[in-house]
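Engineer: To start, I am sharing the structure in question, which I have written as structure tokens.
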Amino acid sequence: MTPQEMWNAYKQINPSIGDEIDAWAFGEEADFLADLVLKGSKTATASAYDLYAVDNEPLPQEGTFDIILDGQDQAVCIVEITRVSVQPFNQVSADHAFKEGEGDKSLAYWRQVHEDFFTEWMREAGLTFTPESKVVLEEFRKVYPL
């Protein structure tokens, strides 16, 4: 299903969402992570704060709706952003790591995987990742399909 088709279907249920679609895929393992969201075991994500400025993008906003895409840019589901915060990488909680739903859901696993991921993406943007680098933490709930 295309993002527009899914948006139109959800708009029949929730007309207040408007017409502006924000659709994105997870940077690594897009299909696998989108499936975790679809199943309800992934209700959070994290991104490198400094990359928002590099890409000239606004931070995510609570109360907005996003379409999660798979690796082929097809719509998998729609989520509502319920919480957004910015914290240093080394202060991310075990609770947030668990909500991300990846691996064994531990903070140790989360830190290992995300440190590698953020280091690579920031290096590509000409930036340096450190344990004090800020990360954007998002929590969301799947709203479509139910």
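Engineer: With the contact rule set at Cα under 8 Å and sequence spacing of 6 or more, what percent relative contact order holds for the chain? Provide the component values of the computation, followed by the final result.
Structural biologist: On the way: 237 pairs, mean separation 46.5, N = 146.
Rounded, it is 32 percent for the chain.
Engineer: Report the full-extension gain for the segment Ser41 to Ala53: residue separation times 0.36 nm, less the Cα-Cα distance, to one decimal in nm. Show your work: numbers first, answer last.
Structural biologist: Numbers: separation 12, 0.36 × 12 = 4.32 nm, distance 2.99 nm.
The Ser41-Ala53 span can extend by a further 1.3 nm.
Engineer: To continue, here is another question. Carbon-plus-sulfur fraction of the accessible area of the chain, 1.4 Å probe, in percent? Please report the intermediate quantities before stating the final value.
Structural biologist: Details: 3900 of 7960 Å².
Carbon and sulfur atoms account for 49 percent of the accessible area of the chain.
Engineer: Could you list which residues have their amide H under 5 Å from that of Val135, counting only those 5 or more apart in sequence or on another chain, with H placed in the peptide plane?
Structural biologist: For Val135, whose amide H was placed from the backbone, the distant partners under 5 Å are Tyr49, Gln87, Phe89.
Engineer: Under 16 Å from the Cα of Lys39, which lysines turn up, not counting those fewer than eight places away in the same chain?
Structural biologist: Lys99, Lys105, Lys142
Engineer: Rolling a 1.4 angstrom probe over the protein heavy atoms, how many square angstrom per residue are accessible across the chain?
Structural biologist: Details: 7960 Å² over 146 residues.
Dividing the accessible area of the chain by its residue count gives 55 Å².
Engineer: Using the basic label-point model (7 angstrom from Cα toward the beta carbon), what is the Glu28 to Glu132 distance in nanometres?
Structural biologist: Placing both labels 7 Å along Cα→Cβ, they lie 2.5 nm apart.
Engineer: Let me ask you something else. For Asn14 and Phe98, calculate 0.36 nm times their separation in residues minus their Cα-Cα distance, and state this gained length in nm to one decimal. Let's see the in-between values first.
Structural biologist: On the way: separation 84, 0.36 × 84 = 30.24 nm, distance 2.95 nm.
Additional length available on full extension: 27.3 nm.
Engineer: For the chain, the longest stretch holding no GluC sites (Glu not before Pro) located in a DSSP loop with at most 16 other Cβ atoms within 10 Å is which? Don't jump to the answer; show the numbers that get you there.
Structural biologist: Details: sites that count: Glu20, Glu28, Glu29, Glu62, Glu132.
Counting at most 16 other Cβ atoms within 10 Å as exposed, the longest clean stretch of the chain is 63-131.
Engineer: While we're here: Determine the dipole magnitude for the chain: charges of +1 sit on the beta-carbon of Lys and Arg, -1 on that of Asp and Glu, nothing else is charged, the reference point is the Cα centre, and the result goes in debye to the nearest 20.
Structural biologist: 500
Engineer: Per-residue ellipticity at 222 nm for the chain, helices alone: DSSP H runs ≥ 4 residues times -39500 (n - 2.57), over residue total, nearest 500 deg cm²/dmol? Don't skip to the answer; put the middle values down first.
Structural biologist: On the way: 5 runs with 52 residues, N = 146.
When only DSSP H runs of four or more count, the value is -10500 deg cm²/dmol.
Engineer: Need one word for region 41-113: rounded, prolate or oblate. Basis is the Cα gyration tensor (sqrt eigenvalues a ≥ b ≥ c); a/c below 1.5 gives rounded, then a/b vs b/c decides.
Structural biologist: Working: a/c = 1.62, a/b = 1.19, b/c = 1.37.
Here region 41-113 falls in the oblate category.
Engineer: Under 14 Å Cα to Cα from Lys134, which aspartates and glutamates show up? Leave out anything in the same chain fewer than 8 places away.
Structural biologist: Counting by Cα, and skipping residues close in sequence, Lys134 has these aspartates and glutamates nearby: Asp50, Glu115.
Engineer: In nm, to one decimal, how far is the modelled label at Thr119 from the one at Ser106, with both set 7 Å along Cα→Cβ?
Structural biologist: 1.9
Engineer: Spin-label point model (7 Å from Cα, Cβ direction): what's the Thr64 to Val86 distance in nm?
Structural biologist: 1.4
The values are calculated or read from the model by the stated rules, or taken from the named source; none is laboratory data. Predicted model only: the values in this text are computed from it and were never measured. All Cβ positions, even for glycine, are placed from backbone atoms using ideal geometry, and neighbour counts span all protein chains on display. For accessibility, only protein heavy atoms count, side chains too; no ligands or nucleic acids. Shrake-Rupley method; radii C 1.70, N 1.55, O 1.52, S 1.80 Å.
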